[in-house]
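Colleague: Here it is, the structure, as structure tokens.
The values are calculated or read from the model by the stated rules, or taken from the named source; none is laboratory data. Every value quoted in this text rests on a predicted model; they were computed, and no experiment measured them. Positions of Cβ are backbone-derived with ideal geometry, glycine not excepted, and every protein chain shown enters the neighbour counts. Just so you know, the surface numbers come from the protein's heavy atoms only, side chains and all, with ligands and any DNA or RNA stripped out. Shrake-Rupley method; radii C 1.70, N 1.55, O 1.52, S 1.80 Å.
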Amino acid sequence: MVVSEAVQQDIQAIDAIEAVPHIMQILASSLDLRFICVARVTEEAWTMCAVLDNAEFGLTPGDHLEIETTFCRTVRASKKQIVINHASADSEYCDNPIPIMYGFESYFSYPIYDANSEFFGTLCGLDPEPRELRSELVHGQISAFAKLISSQILLKDQMERSQAQLTDARNIARLQEQYIAILGHDIRTPLSSIQIGINFLDEIIKDSEIVSTVQVPVFKAVSRMKNSVQRMTRLIEDAMDFTHSRIGEGLPVKMAEATSLAQQLNYTAEELATAYSKCTIRTHIDITEQLVCDEKRVCQLLSNLLKNALVHGDQAYPIYVKVITNRNDFILSVRNSGTPISDESKARLFQPFWREQSGVKNDGLGLGLFIASEIAKAHQGSLSVSSDFNGTEFTLCFPLTRVSSIPYESASR
């Protein structure tokens, strides 16, 4: 008889349960039985799934017996175990052809159930010699092991379902991320056209001789439009960076010798100081060593850290930016005053789309710190945070790469 695909899966399911060989060995030793097995039993067939055969019956997993020649058919129909101590001396079984056919005197068969609580098969044991199997102690032992196998089948089924659901969720998430990447890419073109149009209007207004009472509200409207486009651009760039880091090989970086990093970092800090005029940003930048990095990405990291400090820190106190190099490392830190970050929040700070429930309005996507950490990884470095009542400090540290070995394009991970 050919093993069907469904039965083959059932055999594999039993084979995958690590406890089954141990259960069979324990039963064989404690009950002094030379044959223990787990069988898949249907209306049509009896199929071996796992076996311990010290009686040399010659059965192996996948082998079949005619269902009519087994007591397991009766166990399947009644859902009750069969136990025989001494078949040839038993008034009920002495004339039964099954013990004679297989040459056993002692025998047990207990039902096993699948994940849907439906009959799966049996846990069987037998021996050519009589054995004392009809006792409460033996019944409790065999029954417990049969239930254990049933529970393991249920657990394996639940794990497979969970794995399938997880795989589906990952595939859906991947499709969503790919969609975001495509959408972000396609939006850039019309957004660029809008930006060009706004810049054109801005130039006309600046050169216009229109009466100031008309010019001022028009200028304000154009300014709001410019700010909106800039915010949309930042959101799209954050989304694109996120999808690159998730569906690609990490955040893309262009590594090159840093020629104007100090200047660019100062400009980034000044730009945010202008946007947040009520706050004070104090910088100390002392880059004395030659290094290789992606200047644009390092500035992006500083911008993200500063925005985080400006939004969540106490604006009554200065924010301190410190950038230095030593013989081995590039170190950038941003420190602000304010409420300490809890340990629970620290563990989630660099997760995408996560925001601390602080009540502070934030127009971003919740990707700033995640992208900053990805930039650190792309430079083979790390981004860490420390926070107490003395202040909160984020620190980027990555090893210096010499100009003689510039990897012009690389990515994290």
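Colleague: Go through segment 216-275 and give me each residue that's small (Gly, Ala, Ser) and either modelled with pLDDT of 90 or more or closer than 27 Å to Val323 by Cα (or both). Explain how you work it out, then say what you get.
Modeller: Initially, segment 216-275 is screened for residues small (Gly, Ala, Ser), giving 221, 223, 228, 239, 245, 248, 250, 256, 258, 260, 262, 269, 273, 275.
Those that are small (Gly, Ala, Ser) and either modelled with pLDDT of 90 or more or closer than 27 Å to Val323 by Cα (or both): Ser245, Gly250, Ala256, Ala258, Ser260, Ala262, Ala269, Ala273, Ala275.
Colleague: Sticking with this one: Would you confirm whether any residue within segment 281-289 is at pLDDT 90 or above and basic (Lys, Arg)?
Modeller: Taking segment 281-289 as the starting set, the residues that turn out to be at pLDDT 90 or above are 281-289.
Among the residues that remain, those that are also basic (Lys, Arg) are: 282.
Within segment 281-289, one or more residues are at pLDDT 90 or above and basic (Lys, Arg).
Colleague: Of all residues being more than 21 Å from the chain's Cα centre (by Cα) and closer than 16 Å to Ala13 by Cβ in segment 145-192, which is modelled with the lowest pLDDT? Just the residue, please. Show your work before the answer.
Modeller: Restricting attention to segment 145-192, the residues satisfying the condition of being more than 21 Å from the chain's Cα centre (by Cα) are 145-154, 182-192.
Still in the running and closer than 16 Å to Ala13 by Cβ: 146, 148-154.
Values: Ala146: 90, Leu148: 87, Ile149: 87, Ser150: 86, Ser151: 83, Gln152: 81, Ile153: 81, Leu154: 76.
The residue in question is Leu154.
Colleague: Cβ-Cβ distance below 8 Å, separation of 6 or more or different chains: which pairs start in segment 89-104 with a residue that is closer than 10 Å to Thr70 by Cα and end on one that is part of a loop (DSSP other than H, G, I, E, B) and open to solvent by 30 Å² or more (accessible area, probe 1.4 Å)?
Modeller: Close Cβ pairs satisfying both conditions: Pro99/Glu105; Tyr102/Phe57.
Colleague: Scan segment 340-362 residue by residue and report those that are modelled with pLDDT under 65 and on the phi > 0 side of the Ramachandran plot.
Modeller: Gly359
Colleague: Still on this model: Quick check on segment 35-44. Is at least one of its residues of a type in the set (Val, Ile, Thr), surrounded by 12 or more Cβ atoms within 10 Å (Cβ to Cβ), under 16 Å from Ile112 (Cα atoms) and free of Cβ contacts under 8 Å to residues at least 60 places away in the same chain?
Modeller: Narrowing segment 35-44 to residues of a type in the set (Val, Ile, Thr): 36, 38, 41-42.
Then keep just the ones that are surrounded by 12 or more Cβ atoms within 10 Å (Cβ to Cβ); that gives 36, 38, 41-42.
Checking the rest, the ones that are also under 16 Å from Ile112 (Cα atoms) come to 36, 38, 41-42.
The next check asks that each one be free of Cβ contacts under 8 Å to residues at least 60 places away in the same chain; those that pass are 42.
Checked against the condition, which is being of a type in the set (Val, Ile, Thr), surrounded by 12 or more Cβ atoms within 10 Å (Cβ to Cβ), under 16 Å from Ile112 (Cα atoms) and free of Cβ contacts under 8 Å to residues at least 60 places away in the same chain, segment 35-44 yields at least one hit.
Colleague: Condition first: touching a helix residue (DSSP H, G or I) at 6+ places or on another chain (Cβ under 7 Å) and either open to solvent by 50 Å² or more (accessible area, probe 1.4 Å) or at pLDDT 95 or above (or both). Now tell me which residues in segment 55-69 satisfy that. Give the derivation first.
Modeller: Quick first cut of segment 55-69, residues touching a helix residue (DSSP H, G or I) at 6+ places or on another chain (Cβ under 7 Å) only: 61-62, 67, 69.
Once the filter is applied, which keeps residues that are touching a helix residue (DSSP H, G or I) at 6+ places or on another chain (Cβ under 7 Å) and either open to solvent by 50 Å² or more (accessible area, probe 1.4 Å) or at pLDDT 95 or above (or both), segment 55-69 yields only Pro61.
Colleague: Right, next: Please go through segment 327-345 and pick out each residue that is surrounded by fewer than 17 Cβ atoms within 10 Å (Cβ to Cβ) and either aliphatic (A, V, I, L, M) or more than 20 Å from His284 (Cβ to Cβ) (or both). I'd like the intermediate steps shown before the answer.
Modeller: Kept after step one, since they are surrounded by fewer than 17 Cβ atoms within 10 Å (Cβ to Cβ), are these residues of segment 327-345: 327-329, 331, 339-340, 342-345.
Answer for segment 327-345, where residues must be surrounded by fewer than 17 Cβ atoms within 10 Å (Cβ to Cβ) and either aliphatic (A, V, I, L, M) or more than 20 Å from His284 (Cβ to Cβ) (or both): Ile331, Thr339, Pro340, Ser342, Asp343, Glu344, Ser345.
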